[in-house]
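Data block below; observations after.
The values are calculated or read from the model by the stated rules, or taken from the named source; none is laboratory data. Predicted model, so just to flag it, every value in this text is computed and none were measured. Counting neighbours? That spans all protein chains shown, and the Cβs are built from the backbone with ideal geometry, glycine included. The accessibility values were calculated without ligands, DNA or RNA, using every heavy atom of the protein model including side chains. Shrake-Rupley method; radii C 1.70, N 1.55, O 1.52, S 1.80 Å.
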Amino acid sequence: MFGLTLATGCQHDEAKVDHTPLPTVAAPPYICEHIPLRAVELMTGQHDPLVRGHFDLTLSGGLGDGSCVVYRPGGNRLKVLQIGLTPQGYSGGVEEQLHLGALPLPEIVPGATGYYFKDPNSTNNAAHALLVWGNAELGIDLVIGVEGRDNAADVVALMKLIAPKLITDASAPGATVSPSP
């Protein structure tokens, strides 16, 4: 009897995992003006998350800069997801991570290079993705992913949704950034 109850309990918990793939088209509502809320909810398991941050795509000569951090709502506000855009992209870092075992991102933005991986040492289903295009760098850190989902596929899918919007034409390969005054 105990074995049957335990097996039923495990099946019930597994059924709670939403295996719905992330959307393939970015659609409102958005968090931080550019990140589809539905994608964030699926990959973090958090509904109505606490969100901080914004992106300014006019900074650094049009390369953009900013971040968006997602926390668990309520009293235990653990960071679950962080997305960052910086004007200091370095493709050599991508090559180094690929050499260390990260997987290459598919082509998302022509001329860009990137990687992704699921953290093998994480007990929180962490996964990471980074895309570099010219001087722009867009990183996604899923700090706490949903157990039972393909967390690496989730960061790739989110990158496909947001990179074309967050990485601007000014960050194309060969573009230079003027130093800030």
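Could you list, in sequence order, all residues of segment 58-71 that are open to solvent by 70 Å² or more (accessible area, probe 1.4 Å) and either closer than 21 Å to His128 by Cα or not β-branched (Val, Ile, Thr) (or both)?
Result: Leu59, single match.
Of the numbered conditions (1) of a type in the set (Ser, Thr, Tyr); (2) at pLDDT 95 or above; (3) surrounded by 19 or more Cβ atoms within 10 Å (Cβ to Cβ), Tyr30 fails exactly one; give the number of that condition.
Condition (3) is where Tyr30 drops out.
Could you list all residues from segment 91-150 that are open to solvent by 40 Å² or more (accessible area, probe 1.4 Å), closer than 25 Å to Leu63 by Cβ and among the hydroxyl-bearing types (Ser, Thr, Tyr)?
Listed by number, the residues that qualify are Ser91, Tyr116.
Output the residues belonging to segment 36-61 that are touching a Cys at 6+ places or on another chain (Cβ under 9 Å) and of a type in the set (Lys, Arg).
Within segment 36-61, just Arg52 meets the criteria.
Can you tell me which residue is nearest to Phe117 (Cα to Cα) among those in segment 153-181 that are crowded, with 19+ Cβ neighbours inside 10 Å and at pLDDT below 65?
So the residue we want is Ser171.
Just the residues that are at positive phi and free of Cβ contacts under 8 Å to residues at least 60 places away in the same chain, please, taken from segment 90-113.
The one that is at positive phi and free of Cβ contacts under 8 Å to residues at least 60 places away in the same chain: Gly101.
List the residue pairs whose Cβ atoms are under 8 Å apart, where the first residue sits in segment 36-57 and is over 16 Å from Thr24 (Cβ atoms), the second is open to solvent by less than 10 Å² (accessible area, probe 1.4 Å) and part of a helix (DSSP H, G or I), and the two are 6 or more positions apart or on different chains.
Note: pairs meeting the criteria are Gln46/Val40; Pro49/Val40; Phe55/Leu166; Leu57/Leu166.
Tell me which residues, restricted to segment 114-135, are touching a residue at least 24 places away in the same chain (Cβ under 8 Å) and farther than 22 Å from Val40 by Cβ.
Val132, Trp133, Gly134, Asn135
Conditions: (1) open to solvent by less than 70 Å² (accessible area, probe 1.4 Å); (2) free of Cβ contacts under 8 Å to residues at least 60 places away in the same chain; (3) not hydrophobic (A, V, I, L, M, F, W, C). Pro87 meets all but one. Number of the miss?
The failed condition is (2).
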